[in-house]
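The values are calculated or read from the model by the stated rules, or taken from the named source; none is laboratory data. Bear in mind the structure is a predicted one, so any value in this text is a computation, not a measurement. Using ideal geometry, Cβ is built from the backbone for each residue, glycine included, and neighbour counts are taken over all protein chains shown. Please note that ligands, DNA and RNA were not included when accessible areas were found on the heavy atoms of the full protein model with its side chains. Shrake-Rupley method; radii C 1.70, N 1.55, O 1.52, S 1.80 Å.
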Amino acid sequence: MKHSFAVVLAAAALLAAPALAQTALPAAISVTGEATVSVPPDQAQIDGGVTSDAKTAREASDANNAAMGKVLLALKGAGIDEKDYQTSRLSLQPQYAPNRSGPSPVVGYRASNRVTVRIRDVTKVANIIDVLVGAGANDIGGINFVVSQASKLLDDAREKAIADARRKAEIYAKAAGVTLGEPLSISEEGSGAPMFRSGKMVAGGMAAAAPVAQGEETLSVTVSVSWAIKAKE
């Protein structure tokens, strides 16, 4: 009985040895590589619209519809394709008398209609802003610049990020007195989305052409790489 128990223990030890060997991590150096690419945007999006006030909801709505119709017609006349502009927000809200005790009475209504416009030629941004204002838009909101070929540029940045990771790993390997081997794992951190560096719209009253600075988009990629290492021969 004791003999059988000893055999079981020996078998368990033999089975456990490979399991321990499988969980042992290989010798490696883990580093991060970074790369950025700065490029001027080639497209833009503008958010603008019309706000109308009137005594009744019907009057406010009718006035707003007529005003927005002029804005949309002006966009079409400026060469903007219908697929490149769409309604982004539509609202009709009562307006209350301020600074009164008790329930505030409704003194009017405010209707608003906003449209988002995609501009595929970034050089026309200032002109389209003037078209919107000239057609009656009295609520110009945000302006966003876009890099349409961001995916291709990010692929170039990924190659540079891997090269940067290898450069760092070779420095560590040399300092540690080992030889750098093949990469064991590669992972990209974050989404690789473009980071807006600069670009703004400055418009004082819109009396003259709106000055627009498009700036640049900075596309950033960070990768984590583990490299196998071995002793120098």
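Tell me, which strands (runs of 3 or more DSSP E) wholly within the range 1-109 include 2 or more residues that are open to solvent by 60 Å² or more (accessible area, probe 1.4 Å) and modelled with pLDDT of 70 or more?
Answer list for the range 1-109: 28-39, 85-96.
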Which residue out of A169, A111, A97 is aliphatic (A, V, I, L, M), closer than 30 Å to T179 by Cα and in contact with a strand residue (DSSP E or B) (Cβ under 6 Å, 6 or more places away or on another chain)? A169
Could you tell me which of the residues N138, N113 is in contact with a Lys or Arg (Cβ under 9 Å, 6 or more places away or on another chain), under 30 Å from A63 (Cβ atoms), modelled with pLDDT of 90 or more and not small (G, A, S)? N113
